[in-house]
Protein chains: 2
Amino acid sequence: MITNLDVTLRDGGYRNNFDFPLEYVLHHARESVAAGVEWVEIAYRNGSFKPQPGVGPTGTGTDDYIRALAGVVPPERICMILHPKNITTEDLPRMYEAGARLVRFCLAAGAPEPGLEMLREAARIGFTTTVNITRVSQLDRRVLVELSALSADAGSDVIYLADSNGSLLPDEVFRLVTLVRSVSDCAIGLHAHNNLGLALANAIAAVEAGATWIDSSILGMGKGPGNLITEQWLAYLGRGGQAGYDLGRILSLAHHMETEIAEAKPSLPLPDLVLGHFDLSVEDRGKLPADHIGNTFSAARELTAVTAA
Amino acid sequence: MITNLDVTLRDGGYRNNFDFPLEYVLHHARESVAAGVEWVEIAYRNGSFKPQPGVGPTGTGTDDYIRALAGVVPPERICMILHPKNITTEDLPRMYEAGARLVRFCLAAGAPEPGLEMLREAARIGFTTTVNITRVSQLDRRVLVELSALSADAGSDVIYLADSNGSLLPDEVFRLVTLVRSVSDCAIGLHAHNNLGLALANAIAAVEAGATWIDSSILGMGKGPGNLITEQWLAYLGRGGQAGYDLGRILSLAHHMETEIAEAKPSLPLPDLVLGHFDLSVEDRGKLPADHIGNTFSAARELTAVTAA
């Protein structure tokens, strides 16, 4: 059985400055949970990797915000994500107190220990915990093994592989999940991006390799071309025999979101496909010419050659 | 190695009454071929399954139209598709004379013989031939086996499985390709629709099962939510090691198409996902309420229950 995590409010926040109206957020969380989604990720705590001033509520994740969510869905459905460098140990008991029960740690590959120490503390408090390993497409495999083993030792319930650049192929996802499983006994999760249109194929490959936690977002709303699309994923699980999700309700939520949130419109921009093809980050998009897609492609190829050299 | 077939001008025609400007068509064919795509399907001969009056050039495929195309790309890249009931044997030599070299026969499952006789004639003339078996998701497996064996006996070079409703899962595609391979020695092709977002995953599964011909269209432009997206597919093949395609050129063509053809805008409409989920045809969309997606979903579920009863 798959544990599904709805990342719309957090990853979708990259498209609207994390500024979802509170009324929308409450409706979204309620409907997602009512449709059977196991966890709703409601916010970053104290900012994303590079905290920005002036972001909306899903970019800061204050205690009051968590409490508002805990008023409409059970704490056992409320997930927060954070970069360890952005918090102090005081944040953990406060988030728990406010009503969150799952906390995800974006681990810094170069210096994981401070984050892992916080994870141990979160587990002591009673949180379910995950380690999120970002940009796995570019991570040295020995570093991935080391991080996975350390995460398992620290007691993380789940190790998430994040294909931040949306550049992995299903075969590669299968091998990465297999690798991490072989050096830890944690549950494995996948956070997919859709640059190459492969988010769904990659989620299927991850599950075939034994992953059991899958991130997705309604209408795919997320950074760049977005994430695995929740409605497609639940439709797949439903036809594949995993019952228990209310697809009609998720589609209604998707329709409501199309109406309410201008930035949620799904699309597959050609420049994001180029980024995925060359395994470049969304931050590299600014380095590429935007006048013509042919020029974007050529410049990305050159940038990759330079990076690889 | 995969043989790629660009169906944009034909299947995309369902969105714009088959009315592409000739100047656009010539540009499209030239660029698709220049990017390395093996075949460009330029039109239906004498109409689609239900011929409509007043359709544009890619819905009729006249001799003059074929000749115009043969003026810009080699005949060995020009494909026509037809429903046998729409043509006489005179059409075949005329299409060959005008410059087409691949002809695809949409076989009627109930009465395949007239079509197969035409296919034998096409092969005698010198055409490469394919049989296209439509709505395979709803076809009795014994009928599929029978049609496949008859197609092989008739000398078809390729047997295409068309997931017309866009409802197949990758596992099902794998099994269907395996089944057809086991009763014929024809090459196997897949024509995917993207209702469930699975076109790309299904193409990958088809190839894993031994299929070697894959249909796709630029920006996915095709009936309903469209087909496998050419630029995603060639990006996948490129990263997977099948070189020889000019992805930058295909992306430029996609960009040009976005600019020139209003109906080409890619999207994944929620009602089409509902159709795919319940294995309903695009013709069933008119039977479903359009006021709210939740109602569309409920009505589709009821319609399916009625159909299955």
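No lab work stands behind these numbers, since they all come straight from the coordinates. What you see is a predicted model, and the numbers here were worked out from it, not measured in a lab. As a convention, Cβ positions derive from the backbone with ideal geometry for all residues, glycine included, and neighbour counts pool all protein chains shown.
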Have a look at the DSSP beta bridges in the protein assembly as shown and tell me what percent are antiparallel, nearest 5.
5
In nm, what does the list of distances from A:Gly36 to its counterparts in the other copies look like, shortest first, when each label sits 7 Å along Cα to Cβ?
4.3
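Summarise the partner chain shielding of A:159-169 as one whole number: the mean count of Cβ atoms from other chains within 10 Å of each residue's Cβ.
Details: counts 0, 0, 0, 0, 0, 0, 0, 0, 2, 1, 5.
Partner-chain Cβ atoms within 10 Å, mean over residues of A:159-169: 1.
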Report, for A:Gly54, each distance to the same residue's label point in the other copies, shortest first and in nm; define the point 7 Å along Cα→Cβ.
5.2
With each run of n ≥ 4 DSSP H residues scored as -39500 (n - 2.57), what mean residue ellipticity at 222 nm is computed for chain A after dividing by its residue count and rounding to the nearest 500 deg cm²/dmol?
-13000 deg cm²/dmol
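Would you mind classifying chain B by shape? Square roots of the alpha carbon gyration tensor eigenvalues, ordered a ≥ b ≥ c; an a/c under 1.5 is rounded, otherwise it is prolate if a/b is larger than b/c and oblate if not.
Numbers: a/c = 1.33, a/b = 1.15, b/c = 1.17.
It comes out rounded by the Cα gyration axes.
Take every Cα pair under 8 Å in chain B that's 6+ residues apart, average their separations, divide by the length, and report that relative contact order as a whole percent. Intermediate values should be presented prior to the final figure.
Numbers: 613 pairs, mean separation 51.9, N = 309.
Over chain B, the number comes to 17 percent.
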Work out the mean other chain Cβ neighbour count within 10 Å for the residues of B:219-229 and drop it here as an integer.
1
Hull surface over four for the Cα convex hull of the range A:6-49, reported in nm², is 3.1
Sorting from shortest, the nanometre distances separating the label point of A:Thr89 (7 Å past Cα along the line to Cβ) from those of the same residue in the other copies are 9.0
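Residues of A:71-80, mean number of Cβ from any other protein chain within 10 Å of their own Cβ, rounded to a whole number? If you can, show how the numbers build up before the last one.
Working: counts 0, 0, 0, 0, 0, 0, 0, 0, 0, 0.
That average works out to 0.
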All-pairs Cα distance distribution in the range A:1-128, expressed in whole percent, bin size 10 Å:
14, 47, 34, 6
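Of A:Lys223/B:Lys223; B:Lys50/B:Lys265; A:Lys287/B:Lys265; B:Lys223/B:Lys265, which ones are farther than 23 Å apart at the Cα?
Values: A:Lys223/B:Lys223 29 Å; B:Lys50/B:Lys265 25 Å; A:Lys287/B:Lys265 26 Å; B:Lys223/B:Lys265 13 Å.
Listed pairs above 23 Å: A:Lys223/B:Lys223; B:Lys50/B:Lys265; A:Lys287/B:Lys265.
What is the order of A:Leu288, B:Leu102, fewest Cβ neighbours within 10 Å to most? Could you put the intermediate results ahead of the total?
Working: A:Leu288 20, B:Leu102 24.
Listing A:Leu288, B:Leu102 from fewest to most nearby Cβ atoms yields A:Leu288, B:Leu102.
Let me know the shape class of the protein assembly as shown, please: from the alpha-carbon gyration tensor, a ≥ b ≥ c as square roots of the eigenvalues, rounded when a/c is under 1.5, otherwise prolate if a/b is greater than b/c, or oblate.
Details: a/c = 2.08, a/b = 1.84, b/c = 1.13.
It comes out prolate by the Cα gyration axes.
Can you give the charge dipole size of the protein assembly as shown about its Cα centre, rounded to the nearest 20 debye, using +1 on the beta carbon of Lys and Arg and -1 on the beta carbon of Asp and Glu?
Working: 50 positive and 74 negative charges, 38 e Å.
Computed charge dipole of the protein assembly as shown: roughly 180 debye.
Rounded, prolate or oblate: which one fits the range B:114-270, using the alpha carbon gyration tensor with axes a ≥ b ≥ c (rounded when a/c is under 1.5, else prolate when a/b beats b/c, else oblate)? Working shown, then result.
Working: a/c = 1.76, a/b = 1.55, b/c = 1.13.
It is prolate, given that a/c is not under 1.5 and a/b is the larger ratio.
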Name the nearest-to-axis residue of chain A, judged by Cβ distance to the rotation axis taking chain A onto chain B, and quote that distance in whole Å.
A:Ala201, 2
